[in-house]
Amino acid sequence: MDVSSTIFQPIFEGVKQYVVPLFQRSYSWNKDQWKILWSDIKELYDSENPKQHFMGSVVTIPAKSVPEGVAKFLLIDGQQRITTTYLILMAIGDLYKERGEQEKYEEIKNIYLVNPYKKGNDYYKLLPTQIDRYVFRKISENPNESLNHGMYEAYIFFRRKLALNIDLDKIKSIITTKLSIVSIVLDSADNPYLVFESLNHKGKPLSVADLIRNYIFMNIHIDKQEEIYDNVWKPMQDNLGDSIPEFIRHYLTMDGEYLNANDVYNVLKERIDNEGVNTCLDELNRYSQMYSVFLNPEKEQNENLNKQLKIIKRLDISTSYPLLLNLYDLYKRNIINADEFEQMLIVIENYIIRRFVCGVPTN
């Protein structure tokens with residue numbers, strides 16, 4: 001592990017790229033964080049003799065790349081700082097271009113923003129997580145196209161601030177030479193996820209869904225991460241949305257053992273370590289498709305089952321879902337037929353109503 005104090009100039013200079021790995025969350029800073037950062041920058045800008053301003057730490061680890069390619073670093077911690085600083089420099093460059101200062105625009109672009117002689121993903125010095133990549137490229141290619149995304153809103157926020165009688169040369173110098181950070185470069189033998197997890201108390205707290213996704217993808221080879229994200233995780237995320245933690249809790253309690261919501265992450269970690277990430281991910285994918293039917297019963301094509309699942313959803317008793325996952329799995333594997341499954345759903349419906357009438361608690 002190499003730890004050093006540095007500024008943003010050497011962070012961005014040279015033929016290199018910072019890759020936000022898939023186990024990271026998407027860009028999440030908002031106006032509260034932007035205002036604080038701009039206030040710090042403006043204070044340095046207004047000072048006659050600006051001193052170094054400490055921004056925090058940035059943790060990276062060298063990623064494997066071909067010898068003739070770009071030197072790549074996985075951005076383990078500090079994504080929000082690096083991305084926001086990049087967006088500010090992008091806004092400065094675009095304002096140079098609008099004012100006809102083409103040489104200054106090319107300079108800031110080729111030194112801090114892109115690798116001018118590279119193509120494809122290697123062209124950019126920052127490569128956000130896939131969720132943000134489309135918007136990131138759109139801002140780079142056409143900054144005047146309005147986009148409903150936090151990254152674009154950050155770009156517009158700083159661009160408007162920079163347009164208010166700001167000396168672009170001076171502000172660029174402030175950002176690149178007066179904002180200091182602690183750069184922590186991990187060795188290839190270090191476990192980046194453990195470092196990431198230990199830094200979780202900083203910045204915006206991670207949700208259980210964030211932690212689950214992070215741990216899953218840290219156990220998948222980097223060459224396979226994008227494919228698995230596109231084909232497995234994203235469809236599951238699209239189907240379940242904010243219900244992913246609750247789904248995983250119900251999945252983990254299919255054997256009848258009670259599990260507190262606060263223990264979901266640790267129990268899933270243990271299962272991944274014991275059974276392997278691919279096995280667990282395959283099971284999560286399969287059961288998530290069933291769980292999405294509980295949330296949206298209209299997906300079930302059998303009319304009678306559709307009707308019964310809608311009734312159970314209206315009764316709003318999610319404690320039945322671990323049992324339903326077991327039963328639906330039996331139905332999908334043709335161990336029970338549709339009529340048998342329907343009768344089981346009717347029994348569950350009657351049980352729920354009787355429990356409610358008798359005033360018995362859900363547990």
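Could you tell me which numbered condition GLY359 fails, if it satisfies all but one of (1) among the small types (Gly, Ala, Ser); (2) within 17 Å of HIS250 (Cβ to Cβ); (3) open to solvent by 50 Å² or more (accessible area, probe 1.4 Å)?
Tallying (1) among the small types (Gly, Ala, Ser); (2) within 17 Å of HIS250 (Cβ to Cβ); (3) open to solvent by 50 Å² or more (accessible area, probe 1.4 Å), GLY359 fails exactly one: (2).
Tell me whether segment 257-266 contains one or more residues that are β-branched (Val, Ile, Thr), closer than 17 Å to TRP233 by Cα and surrounded by 12 or more Cβ atoms within 10 Å (Cβ to Cβ).
At the first step, the residues of segment 257-266 found to be β-branched (Val, Ile, Thr) are 264.
Now drop any that are not closer than 17 Å to TRP233 by Cα, which leaves none.
There is no residue in segment 257-266 that is β-branched (Val, Ile, Thr), closer than 17 Å to TRP233 by Cα and surrounded by 12 or more Cβ atoms within 10 Å (Cβ to Cβ).
Inside segment 308-322, can you point out the residues that are over 31 Å from the mean Cα position of the chain (by Cα), open to solvent by 60 Å² or more (accessible area, probe 1.4 Å) and under 18 Å from GLN289 (Cα atoms)?
Within segment 308-322, LYS310 is the sole residue that qualifies.
On the given criteria, is GLY78 in contact (Cβ under 8 Å) with a residue 24 or more places away in the chain, closer than 22 Å to ASN115 by Cβ and open to solvent by 20 Å² or more (accessible area, probe 1.4 Å)? Working first, answer last.
Values: in contact (Cβ under 8 Å) with a residue 24 or more places away in the chain: yes; closer than 22 Å to ASN115 by Cβ: yes; open to solvent by 20 Å² or more (accessible area, probe 1.4 Å): no.
So GLY78 fails the test.
Report the residue count in segment 123-136 for those that are in contact (Cβ under 8 Å) with a residue 12 or more places away in the chain and open to solvent by 40 Å² or more (accessible area, probe 1.4 Å).
The first filter runs over segment 123-136 and keeps only residues in contact (Cβ under 8 Å) with a residue 12 or more places away in the chain, leaving 124-132, 135-136.
If we keep only those that are open to solvent by 40 Å² or more (accessible area, probe 1.4 Å) as well, we get 130-131.
Total meeting the criteria: 2.
Pull out all pairs, ordered by first then second residue, where Cβ-Cβ is under 7 Å, the residues are six or more apart or on different chains, the first lies in segment 145-169 and is within 11 Å of TRP34 (Cβ to Cβ) and assigned to a helix (DSSP H, G or I), and the second is among the aliphatic types (A, V, I, L, M) and open to solvent by 70 Å² or more (accessible area, probe 1.4 Å).
No pair meets every condition.
Yes or no: segment 214-223 includes at least one residue that is part of a loop (DSSP other than H, G, I, E, B), open to solvent by less than 50 Å² (accessible area, probe 1.4 Å), at pLDDT 90 or above and over 23 Å from SER28 (Cα atoms). Reasoning before the result, please.
Here is the first cut: in segment 214-223, the ones part of a loop (DSSP other than H, G, I, E, B) are 219-221.
If we keep only those that are open to solvent by less than 50 Å² (accessible area, probe 1.4 Å) as well, we get 220.
Those left that are additionally at pLDDT 90 or above: none.
No, segment 214-223 has no match at all.
Please work out if GLU103 is part of a helix (DSSP H, G or I), open to solvent by 40 Å² or more (accessible area, probe 1.4 Å) and touching a Phe, Trp or Tyr at 6+ places or on another chain (Cβ under 9 Å).
It is true that GLU103 is part of a helix (DSSP H, G or I), open to solvent by 40 Å² or more (accessible area, probe 1.4 Å) and touching a Phe, Trp or Tyr at 6+ places or on another chain (Cβ under 9 Å).
Applying the selection to segment 118-132, what residues are assigned to a helix (DSSP H, G or I) and at pLDDT below 90?
From segment 118-132, those assigned to a helix (DSSP H, G or I) are 120-123, 130-132; that's our starting set.
The answer is GLY120, ASN121, ASP122, GLN130, ILE131.
I need the strands (runs of 3 or more DSSP E) fully contained in segment 1-93, keeping only those with at least 1 residues that are at pLDDT 90 or above.
The qualifying strands (runs of 3 or more DSSP E) are 2-7, 16-19, 53-62.
Name, by its number, the condition in (1) part of a loop (DSSP other than H, G, I, E, B); (2) in contact with a Phe, Trp or Tyr (Cβ under 7 Å, 6 or more places away or on another chain) that does not hold for LYS97.
(1)
Given the conditions (1) at pLDDT below 95; (2) open to solvent by less than 10 Å² (accessible area, probe 1.4 Å), report the number of the one that ASN148 does not fulfil.
(2)
The values are calculated or read from the model by the stated rules, or taken from the named source; none is laboratory data. For clarity, every value in this text was computed on a predicted model and none was experimentally measured. Using ideal geometry, Cβ is built from the backbone for each residue, glycine included, and neighbour counts are taken over all protein chains shown. Ligands, DNA and RNA are stripped out before the accessible areas are found, and what is left, the full protein with its side chains, is counted by its heavy atoms. Shrake-Rupley method; radii C 1.70, N 1.55, O 1.52, S 1.80 Å.
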